[in-house]
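A short write-up of the structure that comes next.
The values are calculated or read from the model by the stated rules, or taken from the named source; none is laboratory data. This structure is a prediction, so every number in the text was calculated from the model and none was measured. Here the Cβ is made from the backbone with ideal geometry for all residues, glycine too, and neighbour counts use every protein chain on show. The protein model used for the area step is the full one, side chains on, heavy atoms only, and it has no ligands, DNA or RNA in it. Shrake-Rupley method; radii C 1.70, N 1.55, O 1.52, S 1.80 Å.
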Amino acid sequence: MIRPLHRWAGLGAALILSVTALSGAALSLYPAAGALSAVPLPDISAGHLAATLQDSVPGLEEIRVSAAGGITAYAFQDGTALRWAVDGATGEILAPAKRSALQLWLTNLHRSLFLGDAGRLVVAAASLAMLALTLSGLALTARRLGGWSRLLAPARGPLSRRLHLDLARLGGAALTLSALTGIWLAAGTFGLLPETGLPGFVPGGAAEMSPSAMAALRDLPLADLRQLTFPRPGSAGDVFTLRTVAGTGYVDPASGQMLAWTARGWADRLGDLAMMLHTGRGAALLGLLLGLAALSVPVLGLTGLAQQAGRRTAGAAGRRVRAVAPEAADTILLVGSEGGTTWGFAERLRAALTRAGSRVHVGPMSGFAPERYLRAQRILILAATSGDGDAPGSAQGFLDRVAALGVAPAAPFAVLGFGDSAFPAFCGYADKVRAAARAAGWAELMTPARVDRQSPQDFARWVRALADRLGIELDLLPASAGPEPVRLRLVSRRDYGAEVQAPTAILRFALPRRSLWQRLTGGGFGPFLAGDLLAVLPEGDSRPRYYSLASGSSDGFAEICVRKHPGGLCSGQLMDLAPGDSVAAVLRPNPAFHAGQDEAPLILIGAGTGIGPLAGFARGNRAQRPLHLYFGARAPESDLLFGEDLVEWQKDGRLASVATAFSRTADRAYVQDLLRRDADRVAALVSQGARIMVCGGREMARGVAEALEDILDPAGLAVVRLKAEGRYVEDVY
Amino acid sequence: MKTLLSALALTTALTAPGLAFAKEVTFTTRMANYGGDGAYLAYYVTDASGAYVGSLWMAGAKAKYYKSLSDWYRATGGNAAEVAGITGASVGAGRTLTVSFDLADALFDAGYQLHVDAAVEDMRDSPSEIVVPLTTGGAGQPVAGRGYIASFAYEM
């Protein structure tokens, strides 16, 4: 409900709000400029000012004092209407008071788009949309970030989303205030608010006395005066018309007494306040802040649109569901998706199952109808999580329906949760689904699993497990909803390992240029960090091979380490690349294997091409965070990847220590041997909060885990616990 | 063409016998380039003693701004019913407003005066910016305003 409101209010009003906001931002400069040049009002009475100006301004008819403190005198002389800015203390005429034509033009654009009352209504409707946007946006922010207490948590995702969220959190309050006060002013213009009129007219006497002596004016502080109109000469019975912050009245020019008075009502006072807050007249600094916040509106519109565009491309592919009736399907695939990405995974699974001969019905979890699953042999549930473990959009009502089951479906279920491990309720909804299903006595097909931040590896692993469980072959095609592959051009290569029968290369590719639209929508190639994955699409096969990136996009290139596998299609093609050649590839975020921004020491452990991301962390470590590298290779003179760099980085402090083990030398050592040698130091580092990052082959990772288990046990630390805390992460292949 | 079976006809005693003898009168109001929003203009008639007789035309639709037409407002107590049915759009700077009426003969050469109050948002009110006696001889003689109105004339 909230998301569609936000989307449609935003799409509908974006253009008008941008015009209104930009003109408003420009208008906010006028009170600010006025405040810079303004002299403070003198501490005199309204009567005193009136008497002074009567002497100094010929033909004086009216005095106005603005909330910002400017004094304007209106006069009529020799058939000409004149308007002066005057000095209140001396009565001196300073300059003709002019209204800028540009300001007038901007004002009319701002409030009515030059369309009169119809335009005012359009702008007022857009302002209502702005209110709806800020409020629904606030609710959506809380939901996305995992609760109201996390409202200020850092934003994640593509540039457009981060920009949208950060700008909205920065300027949202100001935009709300502008919209609210603007609507109030519009309501006043259309006469929807009770307004106090003028008092009934009472004629005054003819005799003249100086305004400074008049009882009604001599005790009125100048700052409270808004407008004083003098009686017209020759108009019998005419009086002073006085308007102050408190009300409006008539003053007898003969006696100086107030003849009639109406006080301003609450609506007038609220209107004054709304006027000051909205225009910044009398509150120039606030006005400038509101103007500054208004500048964010077009950017919010564009980034919102960009997210919408991204959602369309992702959703269009995901929701093209081939119709297999639930009654005819042997596999029921239920999807609980919030933003649309889970549908993409479901589609790939559906395609793989269909290729393996299954008849698959795909539907939202909210459409759960077990009585129709006549031939179902399994029910697979892909469930994302919304906020604090809540049901995502397409799963509303699922838990209630499971709880109300009289008899659990005969077909067993399996749950795959999708979520972000950075949030407290990681896959919280999937956990609830599983608990509810088990409580209903529903048999479970296989152990549940989780996909962290749309990790393709996590997903592929679960699909493999599913295939094993079902005894079939499942062939996942690469995600069709992902970004288009780009051609990466090789700029240089460094070759290693030929002497030890392990030809290995560090390949460096140039970064393709990204258009502004691609930057906004998160399309194209980048940005990325060391540890993210490069999915390379070899010629003659559509299945990508993943390589860990040894550089971040801020390094200005994309670098990977490749070892040639005998008969390997992709590694063979990569090893054959010469500078200038190119290869098709897609970027895959892998946030679980990022070094992070904190200052905790890192113990980096890798072997062979597993050095890649670790070298990337070191290269990017300009802050000289303590990084300790344990690196296993075959022979120092042959396959010590990044050898010269490691020396360099150690010298300039990017690496605190480097330990190398070689398996083809007389010593025959592996990284785990180095760890055992340094056991005390490693245990001390971990006790002090160090994180461990392991990259390389499965065998090596197992050996390292065993060694660390032994090393950390005396210190009361367990690898399992470190893993659960995210302090021990592996990127294993 | 507007017939003066309007405010004057409804509210004043002098119209009843005079209506049989009416003539078409055209008001032409040329606005100055005062550099502001559209002006509100109130056209109304006072008698020889200066007392309000009735309204002829109101240029400007929002009653909340009528208090800026201060002489008219004082005379009528701001009663919008005085101009019900004889209200048009406000008049932009530099534009000309032409309105025609069937006015009773009795209004002319009898001491009646036509007033035009003018007001513009955020600018000074200009009550009775135009005050002209309604006379047969005065027809076709342009009168200059003091602020917003460059010139006003009535023709018959």
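Residue by residue, here is whether (1) at pLDDT below 90; (2) open to solvent by 20 Å² or more (accessible area, probe 1.4 Å) holds:
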position: A:442; (1), (2): no, no
position: A:453; (1), (2): yes, yes
position: A:459; (1), (2): no, no
position: A:464; (1), (2): no, yes
position: A:470; (1), (2): no, yes
position: A:477; (1), (2): yes, yes
position: A:490; (1), (2): no, no
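Within segment A:669-717, being among the acidic types (Asp, Glu), more than 16 Å from residue A:729 (Cα to Cα) and either part of a helix (DSSP H, G or I) or not assigned by TED's automatic domain parsing to the domain that holds residue A:626 (or both) holds for A:673, A:680, A:710, A:713.
Looking at (1) modelled with pLDDT under 90; (2) assigned to a strand (DSSP E or B), which is the only condition residue A:632 fails? Checking residue A:632 against (1) modelled with pLDDT under 90; (2) assigned to a strand (DSSP E or B), the one that fails is (1). For segment B:127-134, the count of residues that are within 14 Å of residue A:79 (Cα to Cα), at pLDDT below 90 and surrounded by 19 or more Cβ atoms within 10 Å (Cβ to Cβ) is zero.
Each residue in segment A:587-627 was checked for being within 26 Å of the chain's Cα centre (by Cα) and of a type in the set (D, E, K, R), and 3 pass.
Within segment A:537-550, the residues that satisfy the criterion of being in contact with a helix residue (DSSP H, G or I) (Cβ under 7 Å, 6 or more places away or on another chain) and surrounded by 23 or more Cβ atoms within 10 Å (Cβ to Cβ) are A:548, A:549, A:550. If you filter segment A:116-131 down to residues that are modelled with pLDDT of 90 or more and surrounded by fewer than 19 Cβ atoms within 10 Å (Cβ to Cβ), you find that the one that is nearest to the other protein chains (Cβ to nearest Cβ) is A:120. Any residue at all in segment A:651-668 that's outside the structural domain of residue A:557 (by TED's automatic domain parsing), open to solvent by 10 Å² or more (accessible area, probe 1.4 Å) and part of a helix (DSSP H, G or I)? Checked segment A:651-668: at least one residue is outside the structural domain of residue A:557 (by TED's automatic domain parsing), open to solvent by 10 Å² or more (accessible area, probe 1.4 Å) and part of a helix (DSSP H, G or I).
Just one of the numbered conditions (1) open to solvent by 70 Å² or more (accessible area, probe 1.4 Å); (2) more than 30 Å from residue A:49 (Cβ to Cβ); (3) among the β-branched types (Val, Ile, Thr) is not true of residue A:134: (1). If you go through segment B:112-126 and keep only what is within 12 Å of chain A (Cβ to nearest Cβ) and open to solvent by 20 Å² or more (accessible area, probe 1.4 Å), you end up with B:115, B:121, B:122, B:124, B:125. One residue stands out in segment A:495-506 among those that are in contact (Cβ under 8 Å) with a residue 24 or more places away in the chain and of a type outside the set (Val, Ile, Thr): the one that is most open to solvent (accessible area, probe 1.4 Å), namely A:499. When the residues of segment B:51-68 are filtered to those that are within 11 Å of chain A (Cβ to nearest Cβ) and open to solvent by less than 50 Å² (accessible area, probe 1.4 Å), the one that is farthest from the chain's Cα centre (by Cα) is B:62. Restricting attention to segment A:181-208, the residues that are under 27 Å from residue B:75 (Cβ atoms), among the aliphatic types (A, V, I, L, M) and touching a helix residue (DSSP H, G or I) at 6+ places or on another chain (Cβ under 7 Å) add up to 2. The single condition among (1) more than 16 Å from residue A:335 (Cα to Cα); (2) surrounded by 23 or more Cβ atoms within 10 Å (Cβ to Cβ) that residue A:436 does not satisfy is (2). The residues of segment A:193-228 that are within 14 Å of chain B (Cβ to nearest Cβ) and farther than 14 Å from residue A:256 by Cα, listed by number, are A:193, A:194, A:195, A:196, A:197, A:198, A:199, A:200, A:201, A:226, A:227. Inspect all residues belonging to segment A:140-153 and state whether any of them is part of a loop (DSSP other than H, G, I, E, B) and open to solvent by 30 Å² or more (accessible area, probe 1.4 Å). Scanning segment A:140-153 turns up at least one residue that is part of a loop (DSSP other than H, G, I, E, B) and open to solvent by 30 Å² or more (accessible area, probe 1.4 Å). Here are A:396, A:307: which of them is modelled with pLDDT under 90, touching a His at 6+ places or on another chain (Cβ under 7 Å) and under 30 Å from residue A:165 (Cβ atoms)? Result of the check over A:396, A:307: A:307.
Restricted to helices (runs of 4 or more DSSP H) entirely inside segment A:1-114, those with at least 1 residues that are within 14 Å of chain B (Cβ to nearest Cβ) and open to solvent by 60 Å² or more (accessible area, probe 1.4 Å) are A:29-37, A:101-112.
For beta carbons closer than 6 Å, sequence separation of 6+ or different chains, a first residue in segment A:406-429 that is free of Cβ contacts under 8 Å to residues at least 40 places away in the same chain and a second that is small (Gly, Ala, Ser) and open to solvent by less than 20 Å² (accessible area, probe 1.4 Å), the qualifying pairs are A:413/A:437; A:415/A:430; A:417/A:383; A:417/A:430. Checked against the criterion of being without any contact (Cβ under 8 Å) to a residue 12 or more places away in the chain and touching a strand residue (DSSP E or B) at 6+ places or on another chain (Cβ under 9 Å), segment B:141-153 has at least one qualifying residue. Which of the numbered conditions does residue A:436 fail, given that it passes all the others? Conditions: (1) within 30 Å of residue A:592 (Cβ to Cβ); (2) touching a strand residue (DSSP E or B) at 6+ places or on another chain (Cβ under 8 Å); (3) of a type in the set (A, V, I, L, M, F, W, C). Single failed check for residue A:436: (2). The residues of segment B:99-109 that are in contact (Cβ under 8 Å) with a residue 40 or more places away in the chain and either open to solvent by 20 Å² or more (accessible area, probe 1.4 Å) or within 14 Å of another protein chain (Cβ to nearest Cβ) (or both), listed by number, are B:100, B:102, B:105, B:106.
Cβ separations smaller than 6 Å between residues 6+ apart or across chains give the following pairs from segment A:264-288 residues that are closer than 18 Å to residue A:35 by Cβ to residues that are assigned to a loop (DSSP other than H, G, I, E, B) and among the hydroxyl-bearing types (Ser, Thr, Tyr): A:280/A:28; A:287/A:28; A:288/A:28. For residue B:78, the conditions (1) within 11 Å of another protein chain (Cβ to nearest Cβ); (2) on the phi < 0 side of the Ramachandran plot; (3) touching a Leu at 6+ places or on another chain (Cβ under 9 Å) are fulfilled apart from (2). Can you find, within segment A:539-594, the residue that is farthest from residue A:611 (Cα to Cα) among those that are of a type in the set (Phe, Trp, Tyr) and in a strand (DSSP E or B)? Residue satisfying both the conditions and the ranking: A:557.
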